Amino acid sequence: MERNGSDVRQPLLKSPGKKESEGEERLCIDEMLQRYCGEFGRWQMKHFVLTCLAWALEAFHTMVMIFADQEPAWRCVGSGCQVGSSTCGMDPGSWEWTEGKGSSTVSEWGLICGEKYKVGLVQAIFFAGCMIGAGVFGHLSDSKLGRKGSLTVVCIINAIFGIATAFSPNYWTYVALRFLTGFSTGGVGLCAFVLATEPIGPSKRGVAGMSTFYFFSSGIALLSGIAYVFRPWRELFIVSSLPSLLFLLVVIPFISESPRWYLVKGKVDEAMKLMHAIAKTNGRHIPAGVTLALDDEEEAEAGDNNGERNVTPAEGSLKDVFQSPLTRIRLLLTVSISFTVAIVYYGLSLNVVNLKTNLYLNVLLNAVAEMPAFGITAVLLDKYGRKPLTIGTQWFSCVFCLVGFVVGGVGPWKTVRMVSGVLGIFGMAGTYNLLFIYVAELFPTVVRNAALGCATQMSQMGAILAPFVVVLGEELPFGVFAVCGLVGGGLAFYLPETLNKPLYDTMFGMHEAESNRGRRREVVC
């Protein structure tokens, strides 16, 4: 077959992700989205919104503990009772719970005085379940179940054990069911995040990724209203768990699997069918002869005698991440930052119980306060990059946590401390959410959810410690939060920038691209 002059020059104009063979143009997913499908059209918008509804479910199952495990108000009913003092030294018959024993787990099982540690224990065990579940479902969503399959499974488990929690006959059964609910909850956010953002083009992915967390904050805000209406803790668990069942029946059937997962598993036909659906819905068209390829050309060979193309499934695991110096350093840094960020974020969220004001209003205000952080970070994300924002948002939170540590807790300084807490969570909420985007871009598709699962696991480890930091008192928690923000921001200095870099599919493809970039820098120097 003869080649004319333009044919000879054409490969020199193409990116490494393309390959021309017998009239077939092979493109990576990012290139196909940019050129033929649209980076964020009607298809991606619908898929994004439906998938991100799962974040509200995670908020329900996580933050329900603030209301279910609160210490409710009490009143005097007999002699020997002094209003404003502790109930620990009083005759049990001299006081009673204002809303009855069934208003919370604390009042029903007497988790006060010497038993108060059990409140922090059940919260810590929930986050321990989240930590384990994040690792398990992070691996399963990269391997056998896929993104959609894993999201379906975690929602099933959430619905079952969330509702079952409402029928706990005693404290230890309650602890066990909260652990199982946490196990599934740990996989909800990471599966939903990756599934929602992978079909989006590179120039829109950052802003879209930050927008996923509006659903989490909206879930917290909605939960505060639900908890205000359904005060008894058993009713609250049932009502807050039913949305998971509705999500399974009404939303999941309209969500698609990730085309990137199809591709790395060698299911090119399924991936192409989905890409054609994206293009059609967005009013675009993929020309005949254009097909998908992995960024690892050695694993994207054409093939069989019938003219159909087979792609060997690209595999990856945490073992591969640790064997590579490049990804090993990235993983160690991201999990360390996730740990410190979670201590501050969850610590400030749970610390509302120490403010001694309207709990429902405080939770609502904290949720609303997070939303501007997402918007501001989304606006700045593609202008200044991931790395500067990761550093800046943590140090912003550090400054105000330091203010909360220094000022007193009486008179007008009490208001200053409360505002410092709101601004602290404002900054750290931006970091917490930005990390999902950053981690997803630092690792290739074959290990993306596994790496994100590791980061989420360490985040849950920080969340486990957060309740114990809160019980240190009024001042010391702010000091711990300030140190965590300072350290986390310092660690972020050692991460590479991922702004405007492609989302790699394989370990080989990422290493080749990074090594080529390094060689180009050497030539320039």
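Among the residues making up the range 131-157, those that are among the β-branched types (Val, Ile, Thr), free of Cβ contacts under 8 Å to residues at least 40 places away in the same chain and open to solvent by 20 Å² or more (accessible area, probe 1.4 Å) are Val153, Ile157. Taking the range 160-174 as the range and being open to solvent by 10 Å² or more (accessible area, probe 1.4 Å) and either touching a residue at least 12 places away in the same chain (Cβ under 8 Å) or part of a loop (DSSP other than H, G, I, E, B) (or both) as the test, the residues that pass are Phe161, Ile163, Ala164, Phe167, Pro169, Asn170, Tyr171.
Here Ser211 clears all of (1) of a type outside the set (Asp, Glu); (2) open to solvent by 10 Å² or more (accessible area, probe 1.4 Å); (3) within 13 Å of Met63 (Cβ to Cβ) except the condition numbered (3). Collect the residues in the range 493-516 that are part of a helix (DSSP H, G or I) and either of a type in the set (Lys, Arg) or more than 27 Å from Val379 (Cα to Cα) (or both), keeping them in residue-number order. Residues satisfying the conditions are Met507, Phe508, Gly509, Met510, His511, Glu512, Ala513, Glu514, Ser515, Asn516.
Restricting attention to the range 361-420, which residues are within 23 Å of Leu222 (Cβ to Cβ) and acidic (Asp, Glu)? Across the range 361-420, the qualifying residue is only Glu370.
Only one of the numbered conditions (1) of a type in the set (S, T, N, Q); (2) open to solvent by 30 Å² or more (accessible area, probe 1.4 Å); (3) without any contact (Cβ under 8 Å) to a residue 24 or more places away in the chain is violated by Ser94, and that is (2). Among residues of the range 269-295 that are of a type in the set (Lys, Arg), those with a beta-carbon under 9 Å from a residue that is modelled with pLDDT of 85 or more and assigned to a loop (DSSP other than H, G, I, E, B) at least six positions away or on a different chain give the pairs Lys280/Ile286; Arg284/Gly38; Arg284/Gly41. Of the residues making up the range 209-243, those that are in contact with a Gly (Cβ under 6 Å, 6 or more places away or on another chain) and assigned to a helix (DSSP H, G or I) number 1. Among the residues making up the range 275-320, those that are in a helix (DSSP H, G or I), under 20 Å from Gly146 (Cβ atoms) and at pLDDT 80 or above are Met275, His276, Ala277, Ile278. The set of residues from the range 396-423 being under 17 Å from Val352 (Cα atoms) and touching a Gly at 6+ places or on another chain (Cβ under 7 Å) comprises Ser397, Phe400, Cys401, Gly404, Phe405, Arg417, Ser420, Gly421. Among the residues of the range 460-492, the one identified as open to solvent by less than 60 Å² (accessible area, probe 1.4 Å) and in a loop (DSSP other than H, G, I, E, B) is Gly473. Given the structure, is Thr357 part of a loop (DSSP other than H, G, I, E, B), at pLDDT below 80 and more than 30 Å from His139 (Cα to Cα)? Spelling it out, Thr357 is indeed part of a loop (DSSP other than H, G, I, E, B), at pLDDT below 80 and more than 30 Å from His139 (Cα to Cα).
Going by the structure shown, is Ile29 buried (at least 18 other Cβ atoms within 10 Å of the Cβ), of a type in the set (Val, Ile, Thr) and in contact with a strand residue (DSSP E or B) (Cβ under 9 Å, 6 or more places away or on another chain)? Here the answer is yes, as Ile29 does meet what is asked. Exactly one residue out of Ile200, Ile220 is aliphatic (A, V, I, L, M) and over 15 Å from the mean Cα position of the chain (by Cα): that is Ile200. Within the range 33-50, the only residue that satisfies the criterion of being touching a residue at least 60 places away in the same chain (Cβ under 8 Å), open to solvent by 40 Å² or more (accessible area, probe 1.4 Å) and among the hydrophobic types (A, V, I, L, M, F, W, C) is Phe40. For the range 374-403, what are the residues that are at pLDDT 90 or above and not in a helix (DSSP H, G or I)? If the condition is that a residue be at pLDDT 90 or above and not in a helix (DSSP H, G or I), then no residue fits.
The values are calculated or read from the model by the stated rules, or taken from the named source; none is laboratory data. On a predicted model such as this, the values are computed, not experimentally measured, just so you know. Using ideal geometry, Cβ is built from the backbone for each residue, glycine included, and neighbour counts are taken over all protein chains shown. Keep in mind that these areas ignore ligands, DNA and RNA; they rest on the heavy atoms of the full protein, side chains included. Shrake-Rupley method; radii C 1.70, N 1.55, O 1.52, S 1.80 Å.
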